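To start, the structure under review is shown below, and the notes come after it.
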Amino acid sequence: MAKAKKTERICSFCGLPIPEDEFLIAGLNGMICGDCVRAVTKIMHDVELEKDSRKNSPVKIKLMKPHEIKERLDDYVIGQEEAKKVLSVAVYNHYKRLMQPSTGEDAEVEIEKSNILLIGDTGTGKTLLARTIARMLEVPFCIADATVFTQAGYVGEDVESILSRLLQAADYDVAKAERGIVFIDEIDKIARKGSENPSITRDVSGEGVQQSLLKLLEGSIVNVPPQGGRKHPEQQFIQVNTQNILFVGSGAFNNLEQIIGERLNTKVIGYNTQSRRFDSSDMLQYVSAQDIRQFGLIPELCGRFPVITSLHPLDSKALKQILTQPKNALVKQYVKLFKMDGIELHFEDEALDYIVEKAVELKLGARGLRAIVEKIMTDAMYDFPSIHKTKMLLTRDYAQQQFENSIFATLPE
Ligand SMILES: Nc1ncnc2c1ncn2[C@@H]1O[C@H](COP(=O)(O)OP(=O)(O)O)[C@@H](O)[C@H]1O
Ligand SMILES: [Mg+2]
């Protein structure tokens with residue numbers, strides 16, 4: 001702050017002359033009159049007030065409409081229209097629930113959350129959906145793998161560690177974490193032992209873990225170890241209220257088709273002679289809470305997932321689209337890799353068909369695609385950077401030859 005020379009007393013802000021006795025602030029290249037300073041102070045004050053009020057209101061996030069959310073999902077996930085719709089609505093409602101006023105006449109109607117259960121074969125896009133949602137959201141999001149959980153007291157992770165991860169995603173802002181979204185992958189792996197599901201061989205998981213999970217889902221205050229594990233017994237617990245946290249469960253639920261088929265009184269393979277026809281190639285679409293219960297989830301936990309939706313098996317057409325269409329499609333990735341070596345890579349359409357055929361044989365859904373393409377491309381990626389070539393056309397013959405000659409006769413999962 002300094003006094004300006006008498007001859008130059010013009011406010012650089014409003015352009016008016018500043019009287020001799022009037023207060024001013026002068027900088028190196030200009031000056032501001034008292035009136036302007038007062039006006040700006042008032043504006044700044046209002047801006048701060050507005051900021052504060054937003055801080056204290058329930059939530060200050062941008063509301064993305066279901067259509068917008070789904071469009072974003074479409075960029076990365078092929079097909080699975082129903083699952084995308086259900087998720088988009090769930091996320092939208094989650095935001096709305098967070099914004100609901102806590103006072104006023106609408107306050108009496110409390111919007112409850114609807115956790116979602118996604119069911120679908122391996123490699124159909126369950127985790128991809130979760131990751132894509134995570135990327136676009138403005139609320140904290142974490143993915144937890146149910147297979148690592150064990151009952152309290154056993155070696156392994158406590159269910160509460162899910163919330164540690166969510167806290168981390170929220171930069172340890174508890175209020176923020178309390179409105180986050182948690183994705184629990186492989187939830188079918190904690191089904192009750194000895195139920196319809198023969199694949200469960202674990203001892204310390206199952207029902208005990210389900211009970212602990214139930215507590216989180218029900219909406220309660222949970223003591224969360226900030227670091228997750230049990231290695232730091234001295235650490236202080238952080239209390240997290242799970243009432244507004246949205247949970248999305250996901251799993252392949254192997255052999256669930258059989259359970260559904262039996263309930264519908266039709267065989268999974270073959271036809272049914274009843275009045276209603278069921279599509280035996282996609283039995284999961286008829287899933288109900290009852291089937292999930294029979295699979296081995298305890299009824300209380302099933303009850304906490306009011307929305308169940310299934311992902312469809314991916315057919316050849318979808319697999320081919322997955323190779324080329326998503327924003328980070330496999331083919332685009334390889335083209336980019338080669339481009340970095342100055343090589344223009346082009347996949348012949350028939351070569352793509354070959355890759356799809358192999359993926360269908362493997363029955364790994366889209367999961368098999370990468371492994372197959374990797375096998376086909378390994379030699380080229382090894383040789384090309386050292387030889388002077390600027391173009392590569394990937395033909396079906398080349399793809400087949402590379403795939404069949406690859407060192408590993410069978411693909412790892
Ligand atoms: N519907 C889909 N659209 C695009 N890519 C997919 C789709 N489903 C699977 N993929 C691809 O396959 C891989 C495995 O999918 P993932 O979502 O992990 O399967 P899962 O259903 O077993 O969780 C992903 O990395 C993704 O690239
Ligand atoms: Mg997965």
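The values are calculated or read from the model by the stated rules, or taken from the named source; none is laboratory data. All of these numbers come straight from a predicted model, not from anything done at the bench. Note: ideal-geometry Cβ built from the backbone for every residue, glycine included; neighbour counts use all protein chains shown.
Brief remarks follow.
- Check on LEU256, within 16 Å of ligand 1 (Cβ to nearest atom) and either crowded, with 16+ Cβ neighbours inside 10 Å or at pLDDT below 90 (or both): yes
- The residues listed here are GLY303, GLY342, GLY251; of these, the one that is modelled with pLDDT of 90 or more, among the small types (Gly, Ala, Ser) and in contact with a strand residue (DSSP E or B) (Cβ under 7 Å, 6 or more places away or on another chain) is GLY251.
- Taking region 296-413 as the region of interest, the helices (runs of 4 or more DSSP H) fully inside it that hold 2 or more residues being of a type in the set (D, E, K, R) are 316-324, 330-339, 349-362, 367-383, 396-405.
- Residues that are farther than 12 Å from THR122 by Cβ and crowded, with 22+ Cβ neighbours inside 10 Å were ranked within region 362-376; the one that is nearest to ligand 2 (Cβ to nearest atom) is LEU369.
- The set of residues from region 309-332 being more than 10 Å from ligand 1 (Cβ to nearest atom) and without any contact (Cβ under 8 Å) to a residue 60 or more places away in the chain comprises ASP315, SER316, LYS317, LYS320, THR324, VAL331, LYS332.
- Some residue of region 88-95 being more than 21 Å from ARG179 (Cβ to Cβ), modelled with pLDDT of 85 or more and not aromatic (Phe, Trp, Tyr): no
- Any chance VAL148 is within 16 Å of ligand 2 (Cβ to nearest atom), out of contact with any Cys (no Cβ under 7 Å at 6 or more places or on another chain), within 17 Å of LEU166 (Cα to Cα) and not assigned by TED's automatic domain parsing to the domain that holds GLY368: yes
- Applying the set (1) surrounded by fewer than 13 Cβ atoms within 10 Å (Cβ to Cβ); (2) hydrophobic (A, V, I, L, M, F, W, C); (3) closer than 24 Å to THR127 by Cβ to ALA359 leaves exactly one unmet item: (1).
- Screening MET340 on (1) within 25 Å of the chain's Cα centre (by Cα); (2) free of Cβ contacts under 8 Å to residues at least 12 places away in the same chain shows it passes everything except condition (1).
- For region 245-259, taking the residues that are assigned to a loop (DSSP other than H, G, I, E, B) and farther than 15 Å from LEU167 by Cα, the one that is nearest to ligand 2 (Cβ to nearest atom) is identified as ALA252.
- Selection within region 127-144 - among the charged types (D, E, K, R) and within 15 Å of ligand 2 (Cβ to nearest atom): ARG131
- Qualifying residue in region 203-221 (condition: in contact with a strand residue (DSSP E or B) (Cβ under 8 Å, 6 or more places away or on another chain), assigned by TED's automatic domain parsing to the domain that holds ALA289 and modelled with pLDDT under 80): yes
- Taking region 112-135 as the range and being within 16 Å of ligand 1 (Cβ to nearest atom) and over 13 Å from GLY251 (Cα atoms) as the test, the residues that pass are ARG131, THR132, ILE133, ALA134, ARG135.
- Boolean, ARG192 is at negative phi, surrounded by 17 or more Cβ atoms within 10 Å (Cβ to Cβ), at pLDDT below 90 and of a type in the set (Lys, Arg): yes
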